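What follows draws every value from the coordinates through simple rules; no lab data is involved. These numbers were taken from a predicted model, which means no experiment stands behind them. Cβ placement follows ideal geometry from the backbone for every residue including glycine, while neighbour counts extend to all protein chains displayed.
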Amino acid sequence: MSQEGKRERSIAAYRESMKDARMAEAPGRIEFLGNHVDYNGGKVLGAAIDGKVCALALPHDEKTIRLFSETFEEAVVETSLDDLSKQKEEASWANYPLGILWAMQERGLAPTTGFNLVFTSDLPLSAGLSSSAAIELATALALLQLGNHSLGKLELSKLCQRAENEFVGMPCGLLDQGVSAHGEEDRLVLIDCLQENFSTLPLPADTCLWILDTGIKHDLVDSLYSPRHAECAQALEVLR
């Protein structure tokens, strides 16, 4: 067989192996109004940005799952569908997709066979752009495709919020996941968190938003976010 023939056979074999793969992406977000207001039932305003997380899910016949991120290429995580234990240290990035899988299992939406899940991203980490929400949504959208399921944007946002609240352990509101799920080009996302109502507002024509890197890291899991959440709850009780 000629070299060209071998090449064509290799390409055909690769395409055959990838025919069941599913891909999804979700954007990061910026926040205009409402920091710490979302989980107190207020109104928040944000916008999706062009930076995204992409998730590629490839199913296989085993019960194992393998998670790989180009951002954390030294921290590949391999576990079982029946053992969604929280990861620690360098592998803790995987708690976001694992949390999504856990939340999907709770609702009967998760894949029943194993898969490989590969993430790529052009969102900077710990920059206040909600890369964690983006990886959650991208994971959910890719895995829903594997199981031939679908969710509306609100249900999707709430599933991802639950994963972050109950699995990751971050008591966030709907702002991050909601803006990522509902974002549209050249539009702001307005969320009434009490009514769980979403709407979009047009940006003025020719608007250009600049996002600057201050060099200050914004890592919610290891920050004062949880104590601030408790303080806001106390303040809300006083105001009521």
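With a cut-off of at most 13 other beta carbons within 10 Å, and DSSP calling the residue loop, which trypsin sites (Lys or Arg not before Pro) in region 41-127 qualify? Please list them. Before the final figure, lay out the partial values.
Details: sites: 43, 52, 63, 66, 86, 88, 107; in loops: 63, 86, 88, 107.
Sparse-neighbourhood loop trypsin sites (Lys or Arg not before Pro): 63, 88, 107.
With 20 Å as the cut-off, how large is the P(r) tail for region 90-177, expressed as percent of Cα-Cα pairs?
28
Using Cα pairs closer than 8 Å and at least 6 residues apart in sequence, work out the relative contact order for region 20-239, in percent.
27
Label-point separation (nm) for residue 149 and residue 33, each offset 7 Å from Cα along Cα-to-Cβ?
3.6
Could you run the Karplus curve 6.51 cos²θ - 1.76 cosθ + 1.60 with θ = phi - 60° over region 20-27 and give me ³J(HN,Hα) per residue in whole Hz, x for Gly and Pro?
The phi angles translate into 9, 5, 10, 10, 8, 9, 8, x Hz.
Amide H of residue 49 versus every other amide H placed in the peptide plane: which residues, excluding those fewer than 5 positions away on the same chain, fall under 5 Å?
28, 29, 30
Test of understanding: given the chain, find the longest segment containing no GluC sites (Glu not before Pro) that are in a DSSP loop and have at most 10 other Cβ atoms within 10 Å.
75-184
What number results when the radius of gyration of the chain, computed over Cα atoms, is divided by 2.2 N^0.38 Å?
So the Cα radius of gyration is 1.10 times the expected 2.2 N^0.38 Å.
Put a dot 7 Å past each Cα toward the Cβ at residue 203 and residue 184; how far apart are the dots in nm?
1.5
Counting helices only, and only those DSSP H runs with n ≥ 4, report the 222 nm mean residue ellipticity of the chain as the sum of -39,500 (n - 2.57) divided by its residues, in deg cm²/dmol to the nearest 500. Please report the intermediate quantities before stating the final value.
Values: 6 runs with 76 residues, N = 240.
The helix-only estimate for the chain comes to -10000 deg cm²/dmol at 222 nm.
Listed here are the pairs 19/88; 19/52; 19/217; 43/86; 86/158; 19/153; which of them are more than 29 Å apart at the Cα? Could the numbers behind the result be given before it?
On the way: 19/88 33 Å; 19/52 24 Å; 19/217 39 Å; 43/86 32 Å; 86/158 20 Å; 19/153 27 Å.
Result: 19/88; 19/217; 43/86 exceed 29 Å.
Give me Rg/Rg_expected for region 103-240, where Rg uses Cα atoms only and Rg_expected = 2.2 N^0.38 Å with N residues.
Details: Rg = 16.8 Å, N = 138, 2.2 N^0.38 = 14.3 Å.
The reported ratio for this selection is 1.17.
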